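The values are calculated or read from the model by the stated rules, or taken from the named source; none is laboratory data. Quick caveat: nothing in here was measured; it's all calculated off a predicted structure. Note that we place each Cβ from the backbone using ideal geometry, even for glycine, and neighbour counts take in every protein chain shown. When the accessible area is computed, the model is the full protein with side chains, heavy atoms only, and any ligands, DNA or RNA have been set aside. Shrake-Rupley method; radii C 1.70, N 1.55, O 1.52, S 1.80 Å.
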Amino acid sequence: MQNKKIRGLVTPLGVGALVGVTMLGGVPANATSFNTTFNNTCKITPSAVASPTSETQAASLAVNAPDTVNAGDTFDVTIIPPPISFPNSSSGASVQNVSRVKIDVLVPDNADYIGADILQNTSVGLSGVTPSLLRVNENGNPDPNGAILRLSGNNQTIGNGPNSSKSSEGGIVAKATSGTATTFQLPQVTAHLRARSAGDVSLKLRTAGAAGTFGNDANFLTFLPKATLVITAWAPTQCSPRDGETAPLNAGAGPLSTTRIIEADKQTTTTVVAPGSVKNGSEVTLTANVNPA
């Protein structure tokens, strides 16, 4: 009976509460809102008394980014995390909190990463460590040349990082409130980029390498629910964009936004070189130099 209660507790926390996305605020005049829908599948591993399980639900993610930019220009991409809800009780157990939340995206190709800002007053119901955006490598360690941008509470996660745990609170914490459910909001993040010479700049979730396998700590979304039912139950959860445990990655692993780099109009100077005089009927060579080419 206790096994069933613990299983009933952790399953609702696995996916449904943590993958829906709602746009908050307006879209900047020079940006387009890109919306991607996909299935998200999470592995939930309750501590001690229940076997791992999985859950799949539809997800939707929104990103604000310009359609086009000129080569060499700086531009912004705004990532809008979801409002997250979880039940305050399930099968007689009391949910205490969800902590160690982290979301990973890739540093875009064809652009130089300049930095990022956490947008003030766009988060709700958070405690613990103040959310921040770090650049990390495949092992989750801070790295100025890392290929991953991580939204977390000082890189405190359930794994894939230097300060991880699957049985203790840490990082970003959302404590249960009164009522039947608790809702919290991670902050919006604006990344500042500089366009390179050509190509597309696409924002993608982290799904390369180990992050693309089911139930891996490197998955783009991981978190740690905690509940009590006689004992304390922890349920470390890893989520990746796929239609089921054995299914391949789906559209959620593709571009969430795409910005096309174009060449700006350039002023050029043309210089023509010709001989000072020629005989009637003779061939003449004229040379034109255009700068810049």
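Determine whether segment 222-232 contains at least one residue that is in contact with a strand residue (DSSP E or B) (Cβ under 9 Å, 6 or more places away or on another chain) and surrounded by fewer than 10 Cβ atoms within 10 Å (Cβ to Cβ).
No, the conditions are met nowhere in segment 222-232.
Residue by residue through segment 187-215, note down the ones that are in contact with a strand residue (DSSP E or B) (Cβ under 9 Å, 6 or more places away or on another chain), touching a residue at least 40 places away in the same chain (Cβ under 8 Å) and farther than 15 Å from residue 65 by Cβ.
The answer is 187, 196, 197, 198, 206, 207, 208, 211, 212, 214, 215.
So how many residues does segment 173-200 have that are more than 21 Å from residue 137 (Cβ to Cβ) and under 17 Å from the mean Cα position of the chain (by Cα)?
Selection size over segment 173-200: 5.
So in segment 253-293, with the set limited to residues that are within 35 Å of the chain's Cα centre (by Cα) and open to solvent by 80 Å² or more (accessible area, probe 1.4 Å), which one is modelled with the highest pLDDT?
260
Starting from segment 36-56, take each residue that is without any contact (Cβ under 8 Å) to a residue 60 or more places away in the chain and list its partners that are open to solvent by 10 Å² or more (accessible area, probe 1.4 Å) and part of a strand (DSSP E or B), counting only C-beta distances under 8 angstrom and pairs at least six apart or across chains.
These pairs meet every condition: 53/43.
Condition check: among the aliphatic types (A, V, I, L, M) and exposed (fewer than 15 other Cβ atoms within 10 Å of the Cβ). Does residue 210 satisfy that?
Yes, satisfied.
Are there any pairs, at least 6 apart or on different chains, whose C-beta atoms fall under 9 Å, with the first in segment 91-118 and under 15 Å from residue 136 (Cβ atoms) and acidic (Asp, Glu) and the second open to solvent by less than 50 Å² (accessible area, probe 1.4 Å) and assigned to a loop (DSSP other than H, G, I, E, B), and if so, which?
From segment 91-118, the pairs are 104/140; 104/160; 104/206; 104/218; 104/219; 104/220.
Any idea how many residues of segment 126-140 are more than 17 Å from the chain's Cα centre (by Cα), part of a loop (DSSP other than H, G, I, E, B) and surrounded by fewer than 17 Cβ atoms within 10 Å (Cβ to Cβ)?
Residues that pass the stated criteria total 1.
Hand me the list of strands (runs of 3 or more DSSP E) wholly inside segment 28-105 holding 3 or more residues that are under 24 Å from residue 149 (Cβ atoms).
Result: 32-44, 53-65, 68-70, 74-80.
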